[in-house]
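One structure is given here, and the rest of the page talks about it.
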Amino acid sequence: MQPEHLRKLLRKWAVPIVLLTLFGAAVGYYVSHKVTPIYAATGDVLVVAAPGQTAANGSVNASEATTTAATLMTEPALLQQVIKQLHLDTTESALAKEVAATPQSNSELVDVVVHDPSAATAAQIANAVMNTYVSQVNTQNARQIDQAGASLQAQLKNVVSTLATEQQQLVAAEANGKDTTALRAAIAANSALLSQLTLNFSSFTATQAQNLETVSVAAPASVPTSPASPSHLLDTLLGAFIALLVAVGLAALIQYFDQGLKTADDVRNRLALPCLGVVPKFNHLAVIAEPENTRKRRTAEVMEAYRRLRTNVLFATPDVDMTSVVITSARPGEGKSCTAANLAVALASSEKRVLLVDADMRNPGQHRLFGKPLNGGLSDLIMQPQTNPIARLLGMHTTDFANLSLLTCGTIPPNPAELLESQRAQRLLTALAEEQDLIVIDTPPAGVVSDPLSIAAHASATILVVEAGKTSASQATAAIRSLRDVGAN
């Protein structure tokens, strides 16, 4: 894309894009203020993996331990306990959407984040989740220690029970005045054994604890003071960004599907052809007939437009001796006949001998514009014997404009395409061009029928008329392709 074309597109779409972007920002700001604020309470749980703890594939490292803990903290069973503890009116699945446990990388901490419309409730749930999990792990550890030390605990119970019995016996013996020496020795021995067993059990418990995972609340959740979402600034910027993307996309889509030729730039950019002139809309008799006084200024603009067209046509082919110009269009009703007539008038005003030929044998119109009879025109001349020297003069009418003659269509034939493609037609047009400085040939639309193709192939130049805002680029391109296929200039 050329920089100039890009600048024009920017100028064309800048205001709509900016307005739509501002609208998107306003919508984002409005929606942000209508959304219920959500608060996020955050706490941390410290998870210390035991050195001796193993998994199915080997020892458990800190990363695996925190990952497992994060998963367990969002299990339905734990969340159900939290719901009962806090008397929450919700379900496990709904609460699971509010609770997120994420292990920190390269750390033994697990972040617990709870989102809730109530700041206090968010903090309560976060702390309840962490405390419940810590309590579960501690209970499980105590159970494992008790199971592993069951034998020592049984010995301790037996010794304690024996000592209690011996103490009762000692009291009874002293009351009856019996000898208590042996009994006291037994009590001393069992007391020593109890002390040793107690020491052994404490040592065993400490050793077992070292081989178990330990968890604790590292940082309890506090009540957040500001909502985590929505962020008014972020939502406003997001709304503006989305609207900007939509606006640019719509502009690109409209530009892509808009094949209309509204301006001279559209012609140059989409058809890759020079725009020889732009003629404002006017009454098709504005130049041929004398207009009313109220239309004189408008007529002057139109005449000036055709004079510029005449100049551009003459300078369009500086290296070619222009003898004939074909006027056609992509579709009917685009003003090609009016253009041919007024261009012929403008060329004749430059003291050139100009012949206007109406070769539109399907819908002729030049005889109506100039008020001349239809018969005795081009089709009749083509069918005349070529030996008749007067044949070239039949149908050629003088007009009210100096240096301008008119050759009407003549009798409308049943086969206009075949007639215009004939050798007779080519020889006739060549002979007429030799007797004039320039001939302007009005032909049917090249995008509809093939009549103009054979004429354009032998003409010095071909002008394609397009109606601004009505003719699409695809229609004009199809007509141009047909003309270029026969070698038209």
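The values are calculated or read from the model by the stated rules, or taken from the named source; none is laboratory data. No experiment lies behind these values; they were computed from the predicted model shown. Cβ coordinates were reconstructed from backbone atoms using ideal geometry, including for glycine residues, and neighbour counts include every protein chain displayed. Accessible surface is based on the protein model in full, side chains and every heavy atom, while ligands, DNA and RNA are left aside. Shrake-Rupley method; radii C 1.70, N 1.55, O 1.52, S 1.80 Å.
If you check Asp437, Asp485, Asp400 for being more than 30 Å from Gly260 (Cβ to Cβ) and either open to solvent by less than 20 Å² (accessible area, probe 1.4 Å) or out of contact with any Lys or Arg (no Cβ under 6 Å at 6 or more places or on another chain) (or both), only one passes: Asp400. Remark: Arg484 matches the filter, which requires a residue to be of a type in the set (Lys, Arg) and free of Cβ contacts under 8 Å to residues at least 12 places away in the same chain. Within the stretch 118-142, being among the β-branched types (Val, Ile, Thr) and open to solvent by 30 Å² or more (accessible area, probe 1.4 Å) holds for Thr121, Thr139.
Is one or more of the residues making up the stretch 304-324 at pLDDT below 85 and within 18 Å of Asp400 (Cα to Cα)? Within the stretch 304-324, not a single residue is at pLDDT below 85 and within 18 Å of Asp400 (Cα to Cα). Looking at the stretch 347-374 only, could you name the residues that are open to solvent by less than 20 Å² (accessible area, probe 1.4 Å) and either over 13 Å from Ser405 (Cα atoms) or of a type in the set (Val, Ile, Thr) (or both)? Within the stretch 347-374, Val354, Val357, Ala359, Asp360, Met361, Pro364, Gly365 qualify.
Checked against (1) outside any strand (DSSP E or B); (2) under 22 Å from Ala457 (Cα atoms), Val357 passes all but a single condition, namely (1). Just wondering, is there one or more residues in the stretch 443-456 that are open to solvent by less than 70 Å² (accessible area, probe 1.4 Å) and under 39 Å from the mean Cα position of the chain (by Cα)? Checking the stretch 443-456: at least one residue is open to solvent by less than 70 Å² (accessible area, probe 1.4 Å) and under 39 Å from the mean Cα position of the chain (by Cα). Given the criteria touching a residue at least 40 places away in the same chain (Cβ under 8 Å) and either in contact with a Ser or Thr (Cβ under 6 Å, 6 or more places away or on another chain) or part of a helix (DSSP H, G or I) (or both), does Asn363 qualify? Here the answer is no, as Asn363 does not meet what is asked. Look at (1) of a type outside the set (Asp, Glu); (2) at pLDDT 85 or above; (3) in a helix (DSSP H, G or I); (4) open to solvent by 10 Å² or more (accessible area, probe 1.4 Å) and you find that Thr411 fails only one, number (3).
When residues in the stretch 426-446 are screened for being in a helix (DSSP H, G or I) and of a type outside the set (Val, Ile, Thr), 9 of them pass.
Checking each residue in the stretch 256-280 for being surrounded by fewer than 12 Cβ atoms within 10 Å (Cβ to Cβ) and at pLDDT below 80 picks out Tyr256, Phe257.
For the stretch 186-225, a residue qualifies if it is assigned to a loop (DSSP other than H, G, I, E, B) and either of a type in the set (Val, Ile, Thr) or at pLDDT 90 or above (or both), and the qualifying residues are Pro220, Ala221, Ser222, Val223, Pro224, Thr225.
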